[in-house]
Amino acid sequence: MAGVEASEAKSRELATMLSRHFGVPAAVLSDATAAHVGALQGAPGITLIVGTGAVAFRFDQGGVLHRADGWGPYLGDRGSGRWIGQEGLQSVLQALDGGPQTTLSAAAGALVESPAMLPAWLAGQENPYRAMARFAPLVLHAAEAGDAVARGIVDEACRILTRTVQLAASGDADPSPRVAVLGGVAGSEFFSGLLQKSLASAGIEVVAPLGDGLDGAALAAQRRGLLQERYIHRDGTNWPD
């Protein structure tokens, strides 16, 4: 679950409650930690997760976490699906004001009858951040089709995410860092290709993830003593090694 790093005590309390309720050992870990464990099978290294939010996690050889971004939609998650979608929606309203024209104005028709209705539409969403992220695939499609405004948004997202990985890699003794990229936005072949080129230009190699967050959660459930163990909050019962 997201936000686990905010309170180790609360996370252990939740693990204890889950264990008592279900009658099984329980552990609580962040979704980003689970994704890292799954992607690298518990090994040290860097993962970049690009979904509704965006965060880079690096666990060093000593199991210490070094992170960059993942600070939520108000203060961070730059380059994420929410960020791309939000930038796209803003460009639609800028075009309405007389700014650069974009095919995203027509794409917004999938959400509202008129671009002028976008603010009210967003205000009525139960989760506005996920709602904005749903516009990200349309931005990617427009960029791939040659829309200059959309392409500018996507290129900027790649630059931001490359910087996020660089920050997470800061202090790493490896002069040629490698990163596994996960998340729904990274599932776009078009976006993934652009991001890989951006990372490569910064001397960062992209490696294929060995698994996902569910694989990481399963590994954490089956094995104790992982490199990331200090960030896995267990209920205190005896776990198998």
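If the only charges are +1 at each Lys and Arg Cβ and -1 at each Asp and Glu Cβ, what is the size of the charge dipole of the chain around the Cα centre, to the nearest 20 debye?
The calculation lands at about 380 debye.
Counting alpha carbon pairs within less than 8 Å and at least 6 residues apart, what relative contact order, in whole percent, applies to the chain?
32
Name the most mobile residue of Gly70, Gly216, Gly23, meaning the one with the largest mean-square fluctuation, in a Gaussian network model of the chain with Cα contacts below 10 Å.
Gly23
Report the convex hull volume per residue for segment 1-84, counting only C-alpha atoms, in Å³. Could the numbers behind the result be given before it?
Numbers: hull volume 9.2 nm³, N = 84.
Per-residue hull volume (Cα only) is 110 Å³.
If you stretched the chain out fully between Gln61 and Ser170, how much longer would it get, using 0.36 nm times the residue separation minus the C-alpha to C-alpha distance?
Using 0.36 nm per residue and subtracting the Cα-Cα distance, I get 37.8 nm.
Over its Cα atoms, what ratio of radius of gyration to 2.2 N^0.38 Å does segment 51-196 give? Show your work: numbers first, answer last.
Details: Rg = 16.5 Å, N = 146, 2.2 N^0.38 = 14.6 Å.
Segment 51-196 yields a ratio of 1.13.
Which percent, nearest 5, of DSSP beta bridges in the chain are antiparallel?
65
Take the chain, mark every one of the GluC sites (Glu not before Pro) that falls in a DSSP loop and has at most 15 other Cβ within 10 Å, then report the longest stretch left between them, sites excluded.
127-241
Under 1.5 on a/c is rounded, so check that first for segment 123-241, then, if it is not, pick prolate when a/b is larger than b/c and oblate when it is not; a ≥ b ≥ c are the square roots of the alpha carbon gyration tensor eigenvalues.
The shape class here is oblate.
Determine the dipole magnitude for segment 81-150: charges of +1 sit on the beta-carbon of Lys and Arg, -1 on that of Asp and Glu, nothing else is charged, the reference point is the Cα centre, and the result goes in debye to the nearest 20.
Working: 3 positive and 6 negative charges, 38 e Å.
So the dipole magnitude of segment 81-150 works out to roughly 180 debye.
Have a look at segment 81-150 and give its Rg and Dmax from the Cα atoms, expressed in angstrom.
Cα radius of gyration and Dmax of segment 81-150 are 11.0, 33 Å respectively.
Could you work out which residue, out of Thr162, Thr52, Thr103, moves most in a Gaussian network model of the chain, that is, has the largest mean-square fluctuation with Cα springs under 10 Å?
The residue that fluctuates most here is Thr103.
Kyte-Doolittle mean at least 0.5 and Cα extent at least 24 Å along the axis: which DSSP H helices of the chain qualify?
Span-like helices in the chain: 148-169.
Using the Cα centre of the chain as origin and beta-carbon charges of +1 (Lys, Arg) and -1 (Asp, Glu), tell me which of Gly146, Thr33, Val64 is placed farthest towards the positive end of the dipole.
Val64
Determine ³J(HN,Hα), in whole Hz, for all residues of segment 121-127 in sequence, where each value follows from phi through the Karplus function 6.51 cos²θ - 1.76 cosθ + 1.60 and θ = phi - 60°; x replaces Gly and Pro.
Residue by residue, segment 121-127 yields 4, 5, 5, x, 7, 5, 10 Hz.
Tell me which residues come under 5 Å, amide H to amide H, from Ala180 once H is placed; ignore anything under 5 positions away on its chain.
Ile46, Thr47, Leu48, Val207
Choose one of Ser192, Val181, Pro100: the residue whose Cα lies farthest towards the positive end of the charge dipole of segment 93-221 (beta-carbon charges +1 Lys, Arg; -1 Asp, Glu; about the Cα centre).
Farthest towards the positive end: Pro100.
Taking the simple approach of a point 7 Å from Cα along Cα-to-Cβ for both His141 and Ala208, what is their distance in nm?
2.8
FYI, it's all coordinate maths here, none of it is from the lab. Since the model is a prediction, treat every value here as computed from it, not as a measurement. Using ideal geometry, Cβ is built from the backbone for each residue, glycine included, and neighbour counts are taken over all protein chains shown.
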